[in-house]
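Okay, so here's the structure we're looking at.
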């Protein structure tokens, strides 16, 4: 089968504002049901929405970061449908004149970096949350609505249908998530619903027109999204192979338990939302100078940072990508460089290697580290000055990680300085050779591996402090001396 | 003269001189309501205890003099589509029969702040959709000059309460003429302020781009005082206009040189002869006072009615969506699922409301949107330009408020077109957002006739000036109507 898959995403981002989009209610996640509500977000008759300027600001910042053209004047519209969690009977969104249009984002796909288009971004309000309680012996079942979520500010990002596989869709969403977190416009927590994603997918034979698309809903995690898209691409591929491709657009939802997409409705059955301009809200003029100021205030974004890491620090491509897409890592990385005279690549190796491993074990991030960038710089400097060995450095790092103690204190307290004095090493080596006649003999009979045992013995005795390079040279020298003695040359 | 016939200034003098206390005054009006309202159904709710508490607080305010203003201790009635904290707000709908708001509309908060005494909530067509209170779930409010006739709508409860002296002042709301038409039919004064001048926060919406709260009273000065109290920027209403300096009083200077436009389209054939004569009498009086009369044409007016219907009904269909039984108002117990419950709940809405929802829903459908809603918006834009052009030629416009005096209750039921004709004089002010004031200019067959003045946005002061000139020049009496009086109190 050689089919092409076309995917576009609709990403809903909950903007990180203190108050809701139209009223002063708090936006704290997880508060007691209906404890963060007022006449406005309950849609009480007579209440009116007042636009939260901060939400517009966060939207504009996002639009700028996504290279969108920011509207000079945007407007709100009513999207009308009946649902218990929609207290006004319509959702205030942007349909006719959205906040931003026509952007793009650079995405580092596995197959190489590519630009993906952003069709539009628009502001809208969140609905409430409905909880259903199924029938039980003594009651017929009921539903409750929590309006805490009602009126939270959302930014919807619509991507162009330019993604070609479930993996690409996932990478796209990951890239967006990183970017949004970097902009500090959202918490980006998929598990709390502050980042949500719907996807449109169609399948066609190369060279043929696009297939009918299916809208996939309820993609609540990266894994669910990738699995749902993969399932759907496979399903549509089979239909195409069987000569019965989709003939109607439909909406499906991902069923996590059954690991499959489930039919919801055909698109032509979809509600006519009867969009029309929201008469309660005047059009929003967006001042060009304000937008310019916001643009100037944007932080360096992962893509720009990645380029800089490649140029300035000559990091390998993988290192540059990994460090640049994690803001906390990037901040830490650059802070270490401020204290450190060695190679950037050394810092990158340690951060992406040992430090990342320790963080993963504890399931924490760079901002949670107990030691500071100056401590990692100090540790690496000890290593560069040959004052400790790489092995010791790992031990010191582990203790820094656990306790936050500076490396110098650990090294002094535990006497971990590397033994670089050849005489001292020679003494240790001779001691070992004398005590391990068998290993020495094995070596002489051609068993090269015996060297490792002897090295290990010296290291054990010295608690790993011996300079491994010198040890290797001195050990081999002494073994050779020993062998010469055997031959009897004086 | 009876207290009921006194204007606010006279009541003010009595209160300030302690000739009467606010509590006594309130009791007087409460008694009058008890006596007259069974015949008129002007009130849906009389908040007697709250009124007496407020009156008592007003008396204290008057005693100390602290924070007392022109309306302190003056009773006011509020149309029942304006939210009052703790006092039910029914919108004359069965669905909201038990709906008690948890907040005050901004206008109500302002009245409370100055110490006005809120007597109760007045009748209207359900959700302000109608011209006769035929659409009220609480019964029709008959015309105080002849009970066989309608009192107009939708703010008829407020107009009737004022006309009968059950209250000196009342708030109405005006989407297509809902203040001015009943005010004209009842022989009282009413103002539809500039859109955005008075906060809509707390006004239960019918068509939000057209709705505006305004005063009804028994003199120009009375509605001026109420307007001054409720106007002003409100951060809770995003369509609210920036604060304007409040006028100390009505400008009283000479009208010499003021250009008064008479739009040809509003003096056409559909106008009852007697109405035209009485409005032209106003024009002659203004000319005598030095005004320059200009006949002019506003071609966009021929599309005013269909444009109004399209936009108002489209918005209404959306405004009414929240009454689905989930969160607001009554919930029907029938229906096997949520959709069934919502459908059953919405069956409780009245015929006219349903009709407007259906039409509005149709107008906004994706296949109709461009042909109906978008075109109506284009006409609205044209209309604003048309009026702006007219206001380069004149300072204000004079027209009848309605084509005929109040029609009979039966007539109204039979002839929907007549009903529509009464709206064609008033809707333009809503569509263009300009202020419009109606004042009584005589009687035709014992029923009042109203004249309407329109001015550019924000020029309310010009309307008050001209209306009060007419009132002074003709020495209008402000007698109260109580039912079936034959003959006019206004001698021409």
Starting from the Cα of residue B:102, step 7 Å along the direction of its Cβ; do the same at residue B:233; then give the gap between the two resulting points in nm.
3.0 nm
Considering Cα pairs under 8 angstrom that are at least six residues apart, work out the relative contact order of chain A and quote it in whole percent.
13 percent
What three numbers, in Å, describe the spread of the alpha carbons of region A:303-350 along their principal axes, ordered from the longest?
25, 20, 16
Spin-label zone in region B:213-257 - amide nitrogen under 20 Å from a point set 7 Å from the Cα of residue B:5 along the C-beta vector
B:217-223
Multiply the residue separation of residue A:436 and residue A:144 by 0.36 nm, subtract the distance between their alpha-carbon atoms, and state the gained length in nm to one decimal.
97.3 nm
Of all alpha-carbon pairs in region A:422-487, indicate the percentage at a distance above 20 angstrom.
17 percent
Two decimals is fine: what is log10 I(q)/I(0) at q = 0.06, 0.07, 0.10 Å⁻¹ for the protein assembly as shown, from a Debye sum with one equal scatterer on every Cα and no solvent?
-0.59, -0.73, -1.14
Of all DSSP beta bridges with both partners in chain A, the antiparallel percent, nearest 5, is 90 percent
How much of the DSSP bridge set in the protein assembly as shown is antiparallel, in percent, rounded to the nearest 5?
80 percent
With a Förster distance of 60 angstrom and the Cβ-Cβ distance between residue A:445 and residue A:412, calculated FRET efficiency to the nearest 0.05 equals 0.85
Per-pair calculated FRET efficiency, R0 = 35 Å: residue B:366 and residue A:132 via Cβ, rounded to 0.05
0.70
Round to the nearest 10 and give me the degree value, 0 to 90, for the angle of helix A:450-462's Cα axis relative to the longest principal axis of chain A.
80 degrees
Over all directions, what mean area does the Cα convex hull of region A:249-336 project, stated in square nanometres?
12.6 nm²
Would you give the gap between the C-alpha center of region A:353-385 and the C-alpha center of region B:125-204, rounded to a whole Å?
75 Å
Proportion of all alpha-carbon pairs of region A:4-293 beyond 29 Å (%):
38 percent
Degrees separating the helix A:390-403 axis from the principal Cα axis of chain A, which is the longest one:
50 degrees
Taking Rh as the Kirkwood radius computed over C-alpha pairs, what is the Stokes-Einstein D of chain A at 37 °C in a medium of viscosity 0.692 mPa s, expressed in µm² per second?
120 µm²/s
Mind giving me the nanometre distance, one decimal, between the label points for residue A:269 and residue A:292, set 7 Å out from Cα along Cα→Cβ?
5.4 nm
Highest to lowest packing among B:115-122, A:110-117, B:343-350, scored as the average C-beta count within 10 Å:
B:115-122, B:343-350, A:110-117
Based on the Cβ-Cβ distance from residue A:460 to residue A:423, what FRET efficiency comes out when R0 is 25 Å, to the nearest 0.05?
0.80
Paramagnetic reach from residue B:302 in region B:261-295 [backbone N under 17 Å; point 7 Å along Cα→Cβ]:
B:263-271
Any chance you could check the Cα centroid distance between region A:177-239 and region A:1-43 for me, in angstrom?
18 Å
Points 7 angstrom from Cα along the Cβ direction at residue A:260 and residue B:392: gap in nanometres?
7.1 nm
How far, in degrees from 0 to 90, does helix A:302-313 lean away from the longest principal axis of the Cα atoms of chain A, to the nearest 10?
20 degrees
Neighbouring partner chain Cβ atoms per residue of B:343-350, average, 10 Å criterion
0
What span do the alpha-carbon atoms of chain B cover on each of the three principal axes, reported in whole Å from largest to smallest?
64, 53, 45
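We did not get these values from a lab; they are worked out from the coordinates using the rules stated. All values derive from a computational prediction rather than experimental measurement. All Cβ positions, even for glycine, are placed from backbone atoms using ideal geometry, and neighbour counts span all protein chains on display.
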